[in-house]
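K.L.:
I have a structure here, written as structure tokens, and I will follow up with some questions on it.
The values are calculated or read from the model by the stated rules, or taken from the named source; none is laboratory data. Since the model is a prediction, treat every value here as computed from it, not as a measurement. Cβ sites come from the backbone with ideal geometry, for glycine too, and all protein chains shown count toward neighbours. Accessible surface is based on the protein model in full, side chains and every heavy atom, while ligands, DNA and RNA are left aside. Shrake-Rupley method; radii C 1.70, N 1.55, O 1.52, S 1.80 Å.
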Amino acid sequence: MIEIKSKREIELMEEASRITALAHKAIEEAIRPGITTWELDKIAEDVIRKNGGRPAQKGFPSEQRGIPDFPATICASVNDEVIHGIPSKYVKLKEGDIISIDMVTEKNGFHGDAARTYIVGKTSKEAKRLVEITKQAFFEGIKYAKKGNRLGDICYAIGNFVKENGYSVVKEFQGHGIGRSMHEDPGIPNYGKPGRGVRLQPGMTLAIEPMVIMGKPDILMLDDGWTIVTEDESLAAHYENTILITEKEPKILTII
Ligand code: MG
């Protein structure tokens with residue numbers, strides 16, 4: 001069932017999302033060659049806690065038996081890592097790396113979720129283009145995030161844009177509704193058919209998140225039970241915001 005948020009609930013979503021945006025700003029300012037993903041994790045956690053939030057990904061349970069809960073505030077996925085990379089004192093960023101940071105803040109029972117792929121120093125033209133197209137895919141998708149449209153309109157717009165630009169979308173993971181839970185209905189794949197799926201209504205809050213691979217779409221999970229990498233070792237990028245469907249244009253809650 002898709003929750004339609006009340007005015008008060010939307011205010012709480014805005015607050016959680018604002019904190020996620022602040023934490024991303026702090027990370028963007030801190031990213032440089034030589035910094036570890038563990039240090040970035042602390043920076044994000046600090047901002048979230050100082051603003052009265054809780055890092056909602058920390059302690060998130062794995063669906064697999066024997067795999068520990070997610071141990072950190074941010075997912076930090078470098079280069080051919082797509083999503084769910086675990087921050088580490090041993091992963092030092094290098095000039096030219098790209099790093100996808102995904103995080104969720106919970107405050108007063110509501111969640112705000114956003115991901116960005118950052119460039120470390122200067123990178124190749126090819127990597128830069130991947131990052132830009134991934135971000136643009138989100139904006140292509142939300143052109144259709146309007147009252148009365150179907151969810152499939154968004155999914156199709158994202159997938160089609162990525163394909164037209166010569167890249168692959170990840171099919172095994174998807175965007176999602178968000179609110180009291182980090183993941184709510186509906187699931188929002190980065191591909192689909194226009195005119196299909198649920199009809200969009202004001203008060204729906206959705207996390208829309210293109211995950212894009214430069215090469216083939218196949219992915220693998222590392223032995224840590226979390227990190228998803230590209231099978232062909234090509235680069236991957238991620239861009240996500242929590243949005244609100246309104247009477248008119250969608251409101252992006254995690255951009256401030
Ligand atoms: Mg996310």
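K.L.:
Can you tell me which residue among 197, 177, 203, 192 is closer than 21 Å to residue 105 by Cβ and in contact with a helix residue (DSSP H, G or I) (Cβ under 8 Å, 6 or more places away or on another chain)? Steps first, please.
P.N.:
Values: 197 fails: closer than 21 Å to residue 105 by Cβ; 177 fails: in contact with a helix residue (DSSP H, G or I) (Cβ under 8 Å, 6 or more places away or on another chain); 192 fails: closer than 21 Å to residue 105 by Cβ.
Of 197, 177, 203, 192, the one residue that is closer than 21 Å to residue 105 by Cβ and in contact with a helix residue (DSSP H, G or I) (Cβ under 8 Å, 6 or more places away or on another chain) is 203.
K.L.:
Taking residue 34, is it farther than 30 Å from residue 218 by Cβ and outside any helix (DSSP H, G or I)?
P.N.:
yes
K.L.:
If you don't mind, another one. Could you check the stretch 196-237 and list, in sequence order, the residues that are among the hydrophobic types (A, V, I, L, M, F, W, C) and in a loop (DSSP other than H, G, I, E, B)? Working first, answer last.
P.N.:
Pass one, the stretch 196-237, residues among the hydrophobic types (A, V, I, L, M, F, W, C): 198, 200, 204, 206-208, 211-214, 219-222, 226, 228-229, 235-237.
Within the stretch 196-237, 198, 200, 204, 214, 222, 226, 235 qualify.
K.L.:
Taking only the stretch 213-256 into account, find how many residues are of a type in the set (Ser, Thr, Tyr), within 16 Å of the ligand (Cβ to nearest atom) and open to solvent by less than 10 Å² (accessible area, probe 1.4 Å).
P.N.:
Pass one, the stretch 213-256, residues of a type in the set (Ser, Thr, Tyr): 227, 230, 234, 239, 242, 246, 254.
Narrowing further to those that are within 16 Å of the ligand (Cβ to nearest atom): 227, 239, 242, 254.
The next check asks that each one be open to solvent by less than 10 Å² (accessible area, probe 1.4 Å); those that pass are 227, 242, 254.
Going through the stretch 213-256 one residue at a time, the tally reaches 3.
K.L.:
As an exercise: evaluate residue 135 against (1) touching a residue at least 12 places away in the same chain (Cβ under 8 Å); (2) assigned to a helix (DSSP H, G or I); (3) in contact with a strand residue (DSSP E or B) (Cβ under 9 Å, 6 or more places away or on another chain); (4) over 21 Å from residue 251 (Cβ atoms) and give the number of the one condition it does not meet.
P.N.:
Unmet condition: (4).
K.L.:
Can you tell me which residue within the stretch 88-106, out of those that are within 16 Å of the ligand (Cβ to nearest atom) and among the acidic types (Asp, Glu), is least open to solvent (accessible area, probe 1.4 Å)? Explain how you work it out, then say what you get.
P.N.:
Keep residues of the stretch 88-106 that are within 16 Å of the ligand (Cβ to nearest atom), which gives 99-106.
Those still in the list that are among the acidic types (Asp, Glu) too: 102, 106.
Working: 102: 15, 106: 32 Å².
By that ranking, first place goes to 102.
K.L.:
While we're looking at this one, here's another question. Residues of the stretch 107-132 being more than 17 Å from the chain's Cα centre (by Cα), outside any loop (DSSP other than H, G, I, E, B) and either of a type outside the set (Asp, Glu) or within 16 Å of the ligand (Cβ to nearest atom) (or both), which ones?
P.N.:
Applying the first criterion (more than 17 Å from the chain's Cα centre (by Cα)) to the stretch 107-132 yields 107-109, 120-129.
Checking the rest, the ones that are also outside any loop (DSSP other than H, G, I, E, B) come to 107, 125-129.
Scanning the stretch 107-132 gives 107, 125, 127, 128, 129.
K.L.:
Given the conditions (1) of a type outside the set (S, T, N, Q); (2) out of contact with any Leu (no Cβ under 9 Å at 6 or more places or on another chain); (3) closer than 25 Å to residue 20 by Cβ, report the number of the one that residue 237 does not fulfil.
P.N.:
(2)
K.L.:
Looking for whichever is of a type outside the set (Ser, Thr, Tyr), over 29 Å from residue 150 (Cβ atoms) and in contact with a helix residue (DSSP H, G or I) (Cβ under 8 Å, 6 or more places away or on another chain) here; the options are 253, 222, 235, 244. Which one fits? Please lay out each step first, then the result.
P.N.:
Numbers: 253 fails: over 29 Å from residue 150 (Cβ atoms); 222 fails: in contact with a helix residue (DSSP H, G or I) (Cβ under 8 Å, 6 or more places away or on another chain); 244 fails: over 29 Å from residue 150 (Cβ atoms).
Of the residues listed, the single one that is of a type outside the set (Ser, Thr, Tyr), over 29 Å from residue 150 (Cβ atoms) and in contact with a helix residue (DSSP H, G or I) (Cβ under 8 Å, 6 or more places away or on another chain) is 235.
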